[in-house]
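The values are calculated or read from the model by the stated rules, or taken from the named source; none is laboratory data. Everything numeric here is computed off the predicted structure, so don't read it as measured data. Just the protein is used for accessible areas: all its heavy atoms, side chains included, with ligands, DNA and RNA removed. Shrake-Rupley method; radii C 1.70, N 1.55, O 1.52, S 1.80 Å.
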Amino acid sequence: MVTLTQTWELHLAGCHSLKDKRAILQSLKAELRRKLNLAVAEIDHQDLWQRAGIACATVASERRVAEETLRAADQLVEATDGVRIIDTVVRVA
């Protein structure tokens, strides 16, 4: 069994309020949960309008499966309108 976590540092250029940011992040987190069955949380920059830090975790019987899931998550985040990935880190937990 393997557990992997991935964190993203995001820039949300179109956000002009925390309400705008919350709408984008809630939608993104819901998609990650629904499509990939990931545990997801906002972990950093809660008080900034145009920055966000989110993290997700996955557990799989094989490392290959967990890595594929996180690659799909990375693609989903990258494809989200109004979101630009600044940095990403994958860790084995």
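Hey, can you find the accessible area per residue of the chain for me, probe 1.4 Å, expressed in square angstrom? Don't jump to the answer; show the numbers that get you there.
Values: 5540 Å² over 93 residues.
Averaged over the residues of the chain, the accessible area is 60 Å².
Among the listed options (1) 117; (2) 101; (3) 75, the one matching volume of the Cα convex hull per residue in Å³ as calculated from these coordinates is (3). Once the Cα atoms of helix 63-79 and of the chain are each reduced to a long axis, what angle between those two axes, in degrees from 0 to 90 to the nearest 10, is obtained? Orientation of helix 63-79: about 20 degrees from the principal axis. When shorter helices are ignored and each DSSP H run of at least 4 residues is given -39500 (n - 2.57), the per-residue value for the chain at 222 nm works out to -13000 deg cm²/dmol.
Within the accessible surface of the chain, defined with a 1.4 Å probe on protein heavy atoms only, the carbon and sulfur portion equals 50 percent. Relative to the longest principal axis of the Cα atoms of the chain, the long axis of helix 18-36 makes an angle of roughly 20 degrees.
Extension gain, residue 3 to residue 30: 0.36 nm times the residue separation minus the Cα-Cα distance gives 7.7 nm.
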